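A.B. asks: Here's a structure for you.
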Amino acid sequence: MNFAKSAPIPAKLTSDMELKHRNTFGLDAIAEFAYDITSAEQLPALLKTLTEKKMAWRVLGGGSNALLPAQLPGATLLMNILGQEIVVVDGDGDGDSDSDSDSDSSNNGKHTLLAVGAGVNWHALVAWTLKHNLPGLENLALIPGTVGAAPIQNIGAYGVEVGQYIDSIDAFDTIDHVFVTLSQTACQFGYRDSLFKQHPDRFILTRVIFKIPEHWQARTHYAELAQQFSDPNSLPTAQQIFDAVCRIRCKKLPDPKVIGNAGSFFQNPLVTEDQHASLISQYPNLVSYPDKAGMRKLAAGWLIDQCGFKGQRVGAVGVYENQALVLVNHGGASAEDILNFAKSIQLKVHQQYGVQLAIEPNIF
Ligand code: FAD
Ligand code: NAP
């Protein structure tokens, strides 16, 4: 692991680095100065220099939730800190975790703590946990990107969010110039939201400590997953859920290696029960789900589909034919092209349903 406090080797610097292969939209982008961050200890000196020189900087993980401009002036910090280790086995529950499974009375509170470097590939980590008999993350299989970016928007899929499994996060605070450890509560995880999303660029996440409860329960309530496990007499294993999630996603989502995309381009909007009642009276087939008290979550993909965008294409940008929430780069698109197309979708959805769609990927 690269977490030891030895004298740091300065981050390797590459000028004019091509980032086409480090963003899943496949956009042409050049980083003026790209720093290969392989250890947390490289950050204090680097951030001090960047601050003194008043140089612009930003952090990039795998670029799977990113819209990059053609030129990235100043410093781009490529988060490549590796390493993962089990730090506590059979820890006792302290009762402060917010995880779903904690609410189950059969939970004995025992857990494993797993420390993982920010640059580790997310999907590889999920596969590794299953191999090491640490189930829990399987619904989040095949989400691209790095471990360090996962808490930023509190990645979620099939009814599970990463924040449920986070004990704490080690980060460099770029305002106070100190290392901090933030508890799960301090991270303020919400629906595709966190402290880090609310305060962009303040914290550079270096390591995530996961808390995997010993007690495990299958979560297969999303329709497409439920269809795979319809026999009530045969409960699926975590590995079977992992395999099913991978199968469903491969069928439904475009592979960024083949066609550029950043997953869902818009978040599912939340509306009040009153707004929902008014919408459903006009659109009886509206797809929505109950959310926090008094709110409903609308399926943004359904709204976009109903506006006729599914499979549409304007120049190099399009809406994916199997999933209207995903914008794709057919080749040669720029961030501006994608944003212009996104604006036309936002406008039409707003005109038709009175609902504002928020963009999910981070615009650099
Ligand atoms: P990047 O895109 O590199 O960065 C995202 C943001 O995090 C940026 O603001 C960046 O500055 C910041 N950041 C990255 N690393 C750090 C760090 N170490 N410290 C501080 N800030 C950092 N998301 C979901 O929630 N659920 C899904 O099911 C899902 N499916 C997807 C499917 C596909 C095909 C694709 C392409 C994307 C999908 N996504 C999904 C979105 C994306 O994969 C996740 O948001 C992922 O966590 C982004 O990781 P990344 O390393 O690529 O981050
Ligand atoms: P889906 O299953 O077709 O569902 C469409 C939408 O309805 C989803 O956005 C989902 O909300 C919501 N939904 C479905 N069943 C639900 C339930 N039982 N309870 C509450 N909400 C429900 O979605 P999909 O496009 O195939 O994606 C499957 C999962 O992968 C979803 O969780 C989705 O968020 C995730 N995913 C995310 C991205 C991304 O880039 N963010 C990309 C691909 C897939 P939620 O989004 O809140 O789950």
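The values are calculated or read from the model by the stated rules, or taken from the named source; none is laboratory data. None of these values were measured; they are calculated from a predicted model. Cβ atoms come from the backbone with ideal geometry, glycine included; neighbour counts cover every protein chain shown.
A.B. asks: Out of curiosity, is residue 277 buried (at least 19 other Cβ atoms within 10 Å of the Cβ) and not β-branched (Val, Ile, Thr)?
C.D. replies: Criteria not met by residue 277.
A.B. asks: Can you tell me which residue in the stretch 169-187 is farthest from residue 25 (Cα to Cα), limited to those that are away from ligand 1 (no atom under 11 Å from the Cβ) and under 17 Å from the mean Cα position of the chain (by Cα)?
C.D. replies: Checking each candidate, the answer is 184.
A.B. asks: If residue 204 passes every condition in (1) surrounded by fewer than 21 Cβ atoms within 10 Å (Cβ to Cβ); (2) under 19 Å from residue 119 (Cβ atoms) but one, which one does it miss?
C.D. replies: Exception for residue 204: condition (1).
A.B. asks: Which residues, counting only those in the stretch 227-257, are more than 15 Å from ligand 1 (Cβ to nearest atom) and surrounded by fewer than 12 Cβ atoms within 10 Å (Cβ to Cβ)?
C.D. replies: 227, 230, 231, 232, 233, 234, 235
A.B. asks: For the stretch 191-200, indicate whether the set of residues that are in a helix (DSSP H, G or I), free of Cβ contacts under 8 Å to residues at least 40 places away in the same chain and among the polar types (S, T, N, Q) is non-empty.
C.D. replies: So far as the stretch 191-200 goes, yes, one or more of its residues are in a helix (DSSP H, G or I), free of Cβ contacts under 8 Å to residues at least 40 places away in the same chain and among the polar types (S, T, N, Q).
A.B. asks: Quick check, is residue 287 more than 16 Å from ligand 1 (Cβ to nearest atom) and touching a Phe, Trp or Tyr at 6+ places or on another chain (Cβ under 6 Å)?
C.D. replies: Against the criterion (more than 16 Å from ligand 1 (Cβ to nearest atom) and touching a Phe, Trp or Tyr at 6+ places or on another chain (Cβ under 6 Å)), residue 287 qualifies.
A.B. asks: So how many residues does the stretch 170-190 have that are not charged (D, E, K, R) and not in a loop (DSSP other than H, G, I, E, B)?
C.D. replies: 9
A.B. asks: Being at pLDDT 95 or above, touching a helix residue (DSSP H, G or I) at 6+ places or on another chain (Cβ under 8 Å), buried (at least 17 other Cβ atoms within 10 Å of the Cβ) and not assigned by TED's automatic domain parsing to the domain that holds residue 111 is the requirement here; does residue 212 meet it?
C.D. replies: Spelling it out, it is not the case that residue 212 is at pLDDT 95 or above, touching a helix residue (DSSP H, G or I) at 6+ places or on another chain (Cβ under 8 Å), buried (at least 17 other Cβ atoms within 10 Å of the Cβ) and not assigned by TED's automatic domain parsing to the domain that holds residue 111.
A.B. asks: OK, next. Residue 154 passes all but one of (1) modelled with pLDDT under 95; (2) within 16 Å of ligand 2 (Cβ to nearest atom); which number fails?
C.D. replies: Exception for residue 154: condition (1).
A.B. asks: Any idea which of (1) more than 16 Å from ligand 2 (Cβ to nearest atom); (2) under 21 Å from residue 60 (Cβ atoms); (3) among the aliphatic types (A, V, I, L, M); (4) not in a strand (DSSP E or B) is the one residue 149 doesn't satisfy?
C.D. replies: Status for residue 149: all satisfied but (1).
A.B. asks: May I ask you to say which residue of 29, 11, 40, 34 is touching a strand residue (DSSP E or B) at 6+ places or on another chain (Cβ under 9 Å) and farther than 24 Å from residue 117 by Cβ?
C.D. replies: Every option except 29 fails the conditions.
A.B. asks: I've got another one for you. Just one of 99, 168, 183 is more than 16 Å from ligand 2 (Cβ to nearest atom) and modelled with pLDDT under 95; which is it?
C.D. replies: 99 is the lone residue from the list that is more than 16 Å from ligand 2 (Cβ to nearest atom) and modelled with pLDDT under 95.
A.B. asks: Give the number of residues within the stretch 126-144 that are more than 14 Å from the chain's Cα centre (by Cα) and part of a helix (DSSP H, G or I).
C.D. replies: 6
A.B. asks: Pick from 106, 64: which is on the phi < 0 side of the Ramachandran plot, modelled with pLDDT under 95 and not in a strand (DSSP E or B)?
C.D. replies: Testing whether each residue is on the phi < 0 side of the Ramachandran plot, modelled with pLDDT under 95 and not in a strand (DSSP E or B) leaves just 106.
A.B. asks: Checking residue 309 against (1) within 16 Å of ligand 2 (Cβ to nearest atom); (2) without any contact (Cβ under 8 Å) to a residue 60 or more places away in the chain; (3) assigned to a helix (DSSP H, G or I), which single condition isn't satisfied?
C.D. replies: Just one mismatch for residue 309, condition (3).
A.B. asks: For the condition in contact (Cβ under 8 Å) with a residue 40 or more places away in the chain, touching a helix residue (DSSP H, G or I) at 6+ places or on another chain (Cβ under 9 Å) and under 22 Å from residue 341 (Cα atoms), what is the one hit in 266, 242?
C.D. replies: The conditions single out 266.
A.B. asks: Which one of these is among the β-branched types (Val, Ile, Thr) and within 24 Å of residue 76 (Cβ to Cβ): 304, 363?
C.D. replies: Checking each option against the conditions leaves just 363.
A.B. asks: Exactly one of these conditions fails for residue 293: (1) more than 22 Å from the chain's Cα centre (by Cα); (2) more than 16 Å from ligand 1 (Cβ to nearest atom); (3) at pLDDT 95 or above. Give me its number.
C.D. replies: (3)
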